[in-house]
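Reviewing the structure listed below.
The values are calculated or read from the model by the stated rules, or taken from the named source; none is laboratory data. The structure presented is a predicted model; accordingly, all values stated were derived computationally and were not measured. Don't worry about glycine lacking a Cβ; one is built from the backbone with ideal geometry, like all the others, and counts go over all protein chains shown.
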């Protein structure tokens, strides 16, 4: 059973002026957050976005938030519980509920002159929240039959990869993505989520190599108040926060042996037990793992559990290194140029030749870094020349 959060444990913060337009988007839906961030970009207000109620409360401890756009499908708190905490801790903050499927505001006649009234009117003037035609939609090019959201390439290796991803995306099968560093394992994981029936639910990422071993168990499984020194408030783990959606375990090869058995139990039984508690929670989560390590070798060296390896690799997907799909380098380069340049910039044939002669040991990530550096060196020029390519 989850522990209730009491208002007595939450410190009050001073009120801030109501005319400070700082917006916080709260939604476990990554697509919805990205859509609203792109559509609401304006010099008239600062905009932040988080995926859960707990993350929102943490952000409001450090940022002066005036208005919240609230997706009611929070992964960790009931909406009424969240609103109660918000009212006590941040009484100045106005809340606008939003439809989790379309991003439309659900506002019943906000008071004229209020911040919510002004913001909603400005959003309507900008074409936000007017109707379903302005609701959330993936770019049709990203949903094209032959491609993957965010993954660039048209070679036969990429087409084969796209076919495998689309084939397994609609299932809840556990997927293990392998490949060299920089090949785009995180992009494929997100594509699996976006193309699945879980795309409107949370996509939760945990990097097993980036979190100290002493904290990783608490991050994964959560804890109750008093479970250890510093646990002043109960908290759910990342697994529970992904309820209904997808959990992406990046760098799974670095998961400590002591936690591997607990992860295996979760995968087999679909239950989570928080630190310091005997209660278990049933969770419905699709798991995707990724690694650049050779897990078979780790199993032989007793650095990775064999049973966990087979449980994770129900559907393995190996990403090809860029040196095996060099024909994708031009489209990758132009894709990154478009990201980094506000105006139209092209590669000269000579610069492209330099890119095609490199073997790219850092894969797609290295292309991104080289192109970002080139766009800086090119300055206001509309062409990227060989002298701008630093490898």
Exercise. Looking only at the range 357-376, which residues are surrounded by 13 or more Cβ atoms within 10 Å (Cβ to Cβ) and either more than 18 Å from residue 180 (Cβ to Cβ) or in contact (Cβ under 8 Å) with a residue 60 or more places away in the chain (or both)?
Worked result: 362, 363, 364, 365, 366, 371, 372, 373, 374, 375
Problem set entry | Qualifying residue in the range 168-178 (condition: assigned to a helix (DSSP H, G or I), under 30 Å from residue 317 (Cα atoms) and at pLDDT 90 or above) | yes
For this session: Please work out if residue 203 is in contact (Cβ under 8 Å) with a residue 12 or more places away in the chain, surrounded by fewer than 20 Cβ atoms within 10 Å (Cβ to Cβ) and not assigned by TED's automatic domain parsing to the domain that holds residue 53.
Result: no
For this session: Count, please, the residues in the range 152-184 that happen to be touching a residue at least 24 places away in the same chain (Cβ under 8 Å) and more than 26 Å from residue 197 (Cβ to Cβ).
Result: 7
For this session: Could you look through the range 142-167, keep only residues that are under 22 Å from residue 244 (Cβ atoms) and crowded, with 19+ Cβ neighbours inside 10 Å, and pick out the one that is modelled with the highest pLDDT?
Result: 165
Seminar exercise, completed: Residue set 337, 288, 317; condition assigned to a helix (DSSP H, G or I) and either under 20 Å from residue 192 (Cα atoms) or in contact with a helix residue (DSSP H, G or I) (Cβ under 7 Å, 6 or more places away or on another chain) (or both); output residue 337
Problem set entry | Hits in the range 34-56 (condition: modelled with pLDDT of 85 or more, under 15 Å from the mean Cα position of the chain (by Cα) and over 24 Å from residue 233 (Cα atoms)) | 48
Seminar exercise, completed: Scanning the range 32-56 for residues that are surrounded by 15 or more Cβ atoms within 10 Å (Cβ to Cβ) and touching a strand residue (DSSP E or B) at 6+ places or on another chain (Cβ under 6 Å) gives 33, 36, 40, 45, 46, 47, 48, 49, 50, 56
For this session: Residue by residue through the range 76-98, note down the ones that are under 25 Å from the mean Cα position of the chain (by Cα), at pLDDT 80 or above and either assigned to a loop (DSSP other than H, G, I, E, B) or closer than 17 Å to residue 36 by Cα (or both).
Result: 95, 96, 97, 98
For this session: Confirm whether residue 59 is surrounded by fewer than 17 Cβ atoms within 10 Å (Cβ to Cβ) and modelled with pLDDT under 75.
Result: no
Exercise. With (1) touching a helix residue (DSSP H, G or I) at 6+ places or on another chain (Cβ under 9 Å); (2) at pLDDT 90 or above; (3) within 17 Å of residue 385 (Cβ to Cβ) as the list, and residue 346 as the residue in question, which single condition is left unmet?
Worked result: (2)
For this session: Could you figure out which of (1) closer than 21 Å to residue 189 by Cα; (2) not assigned by TED's automatic domain parsing to the domain that holds residue 182 isn't true of residue 338?
Result: (1)
Exercise. Hey, does the range 216-235 have a residue that's in the same structural domain as residue 162 (by TED's automatic domain parsing), in contact with a helix residue (DSSP H, G or I) (Cβ under 9 Å, 6 or more places away or on another chain), over 18 Å from residue 29 (Cβ atoms) and modelled with pLDDT of 95 or more?
Worked result: no
Exercise. Among the listed residues 249, 257, 275, which satisfies the condition of being surrounded by 15 or more Cβ atoms within 10 Å (Cβ to Cβ) and modelled with pLDDT of 90 or more?
Worked result: 249
Problem set entry | the range 377-390: number of residues that are exposed (fewer than 15 other Cβ atoms within 10 Å of the Cβ) and assigned to a loop (DSSP other than H, G, I, E, B) | 5
Exercise. Among (1) part of a helix (DSSP H, G or I); (2) over 23 Å from residue 185 (Cα atoms); (3) touching a helix residue (DSSP H, G or I) at 6+ places or on another chain (Cβ under 7 Å), which single condition is residue 272 missing?
Worked result: (1)
Problem set entry | Candidate set from the range 291-309 (those that are in contact (Cβ under 8 Å) with a residue 60 or more places away in the chain and more than 26 Å from residue 197 (Cα to Cα)); member that is surrounded by the most Cβ atoms within 10 Å (Cβ to Cβ) | 295
